[in-house]
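Reviewing the structure listed below.
The values are calculated or read from the model by the stated rules, or taken from the named source; none is laboratory data. This is a predicted model, so every value here is computed, not measured. Every residue, glycine as well, gets a Cβ built from its backbone with ideal geometry; the counts of neighbours run over all protein chains shown. Heavy atoms of the whole protein, side chains included, go into the accessibility calculation; ligands, DNA and RNA do not. Shrake-Rupley method; radii C 1.70, N 1.55, O 1.52, S 1.80 Å.
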Amino acid sequence: KSQESLETNLERLVDILDQEIATKKEFILSSLINNAIEQPEKITIYSTLVGLLNVKMFSTGGEFLVLIMERLSKLIDDAEWRNVQLLVRFLSDLINCNVVMGASLLRLFDTLIASATEPGVKPSMRDFLLYTVLQCLPWIGVYFNESKDEVEFERLLDILETEIEKRDKSYMPTIRVWSSDNPLPQIEYIDSLWIQIKSMRSNNWEDNWIIRPYLAFEGKLESSLQHPVPAFELPPDLEHTLFPLPSVVFRIFDTQDLPNRPEVPKLPRFNSIDRFLVEDAIY
């Protein structure tokens, strides 16, 4: 195991890939996508690596986005829903590394939300698409909060809130884990994440969980150019596809259930974004 810092290791790895990518480009880029999906807790590390490669080889950054969208289509065709969401999260985090244009990422989100809100769309498909967008926000909220696209980002949040609040959740009594809301409330998974997103938003999009190695390379990453997200449309026959069913977030512990000792990490409250990030990491 290397004793060097993460930043040093990333710089060395970029230098190695720079020498190898001419002859092994497809393998290297595909491996980055595979690793980001298989190790989602390290997504920001892989996005930083892609950002540094984009600085050295601008055309490679564009080719990487094309490859991501091709993989996204394949994952949707194969109904690999968790991997679809992780890949969209990875794509979103590339905005923090100056690889992706903010406006084009918002257009992708608009495409997903538009499909989710079409008349007659089945609830499971609608909820999946809304959640796919929602679960990216902890990684990119701070970026849009300080960018020229902030107004459009706020518009997106308003649309999400409207669509989340008007959903019919008459199924809730049948999917509850416990019969009582004491000591922890039974919250449907989209509602739970939206509560946590709103808490993060009120806290200037700060969290205590996501590592952001790209901050150490801010000056270098800003020297590169950005790419638009390639145009994307969902397949037309998804109405006949099985999507994940709604669920209640299963929780049995709250903050007061852990020993109050310095050596014991504190469990985030159920309505904080850190709780979502912890639970997502052990998914």
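Just subtract the alpha-carbon distance of ARG155 and LYS266 from 0.36 nm times their residue separation and send over the number in nm, one decimal. Intermediate results must be reported in sequence, preceding the final value.
Working: separation 111, 0.36 × 111 = 39.96 nm, distance 3.45 nm.
Stretched fully, the ARG155-LYS266 segment lengthens by 36.5 nm.
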#### Entry: Charge-dipole axis of the chain as Lys and Arg at +1 and Asp and Glu at -1 on Cβ define it, positive-most pick from LEU65, LEU13, LEU184
LEU184
### Query
Which order, highest average first, do 151-159, 191-199 follow once you tally other Cβ atoms within 10 Å for each residue and take the mean per peptide?
191-199, 151-159
### Query
Going by the alpha-carbon gyration tensor, a ≥ b ≥ c the square roots of its eigenvalues, is the range 204-283 rounded (a/c under 1.5) or, if a/c is not under 1.5, prolate (a/b greater than b/c) versus oblate?
oblate
### Summary
the chain: Kirkwood hydrodynamic radius (Cα pairs, Å) comes out at 20.2
### Task
Rounded to the nearest 10 degrees, what's the angle between the helix 43-56 long axis and the longest principal axis of the chain, both from Cα atoms, 0 to 90?
30
### Query
Mean 1/r over all different Cα pairs, inverted: what Kirkwood radius does the range 8-65 give, in Å?
11.4
### Query
Taking Cα atoms, how many degrees apart are the long axis of helix 189-202 and the longest axis of the chain, rounded to 10 and kept between 0 and 90?
60
### Message
In Å and on Cα atoms, what radius of gyration and Dmax does the range 138-283 show?
### Response
18.9, 56
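Count neighbours as other Cβ atoms within 10 Å of each site's Cβ, and list the trypsin sites (Lys or Arg not before Pro) in the range 1-92 that are DSSP loop with at most 14 such neighbours.
Details: sites: LYS1, ARG12, LYS24, LYS25, LYS42, LYS56, ARG71, LYS74, ARG82, ARG89; in loops: LYS1.
Answer by residue number: LYS1.
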### Task
Determine how large the accessible area of ASP181 is when every protein chain is in place; take a 1.4 Å probe and give Å² rounded to the nearest 10.
80
#### Entry: When the range 38-79 is reduced to its Cα atoms, the Kirkwood hydrodynamic radius in Å
11.4
### Query
Roughly what would the spin-label model give for SER73 and ASN208, points 7 Å off Cα along C-beta, in nm?
4.4
### Query
Which part of the range 114-143 falls in the paramagnetic zone of LEU215, meaning amide N under 13 Å from the point 7 Å along Cα-to-beta-carbon?
142-143
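Mind checking the range 198-283 for GluC sites (Glu not before Pro) that DSSP puts in a loop (not H, G, I, E or B) and that have at most 15 other Cβ atoms within 10 Å? The partial results should precede the final answer.
Values: sites: GLU206, GLU218, GLU222, GLU233, GLU239, GLU263, GLU279; in loops: GLU206, GLU233, GLU263.
Answer in residue order: GLU206, GLU233, GLU263.
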### Query
What is the Cα centroid distance between the range 204-242 and the range 37-91, reported in whole angstrom?
8
### Query
Taking the Cα atoms only, what angle lies between the long axis of helix 58-77 and the longest principal axis of the chain, rounded to 10 degrees?
40
### Task
Would you mind giving the average projected area, over all directions, of the Cα convex hull of the range 102-193 in nm² with one decimal?
6.9
### Message
Give me the three principal axis extents of the range 1-158 from the C-alpha atoms, as integers in angstrom, largest value leading.
### Response
51, 37, 30
## Note on the structure
So the FRET efficiency between VAL66 and ASN182, C-beta based with R0 = 45 Å and rounded to 0.05, is 0.30
### Task
For n ≥ 4 DSSP H runs only, could you compute -39500 (n - 2.57) per run for the chain, divide by its residues and tell me the 222 nm figure to the nearest 500?
-18500 deg cm²/dmol
## Note on the structure
Extension length gain for GLU26 and TYR283 (0.36 nm per residue less Cα distance), in nm, is 89.6 nm
#### Entry: Bins of 10 Å from zero: percent of alpha-carbon pairs in the range 244-283
25, 52, 18, 4
